[in-house]
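All remarks here apply to the structure that follows.
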Amino acid sequence: MATIRNFLDGKGFDWGTGLIILQWTRRPWDVDVADSRRVEGRNDAALDYEFNEIWDGREGCPRFIAHDSEAVYFPCVVDGVTWCEKVFKDPERYSIGEVLVPYPGY
């Protein structure tokens, strides 16, 4: 089982400068939004909601987008597998010397 907290900790989210917007839906692909709010602090219980990161027909990861001083974080889902992606705000972070690597997963 996974949580938003685990996803963000694993990507190095800065809890001191970060902001998280969360949307609760019945299922991640639903368009009807039951609740949309800012997560209030590191101890918000919503961060510890457990979901299966491998789709099994039950509810998956709540929708969220987060940012801190260096990056934007969001969930990705392909074929029912969910993970967290991190995109740096500074495009220069995607250069290795003279080589540009515009790929968030690098």
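The values are calculated or read from the model by the stated rules, or taken from the named source; none is laboratory data. Owing to the predicted nature of the structure, the values given are computational and were not obtained by experimental measurement. Note that each Cβ is placed from the backbone with ideal geometry, even for glycine, and that neighbours are counted across all protein chains shown.
Computed quantities for the displayed model
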{"item": "Close pairs from the range 11-35: first within 11 Å of P62 (Cα to Cα) and of a type outside the set (S, T, N, Q), partner outside any loop (DSSP other than H, G, I, E, B) and at pLDDT 90 or above, Cβ under 7 Å, at least 6 apart", "result": "I21/F64; I21/I65; L22/F64"}
{"item": "Long-range neighbours under 6 Å by Cβ, at least six apart or interchain, first residue within 16 Å of A2 (Cβ to Cβ) within the range 75-97, second among the polar types (S, T, N, Q) and surrounded by 10 or more Cβ atoms within 10 Å (Cβ to Cβ)", "result": "P75/T82"}
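Yes/no per residue for (1) basic (K, R); (2) surrounded by fewer than 13 Cβ atoms within 10 Å (Cβ to Cβ); (3) modelled with pLDDT of 75 or more:
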position	(1), (2), (3)
I20	no, no, yes
D32	no, yes, no
E50	no, yes, yes
F64	no, no, yes
E70	no, no, yes
K89	yes, yes, yes
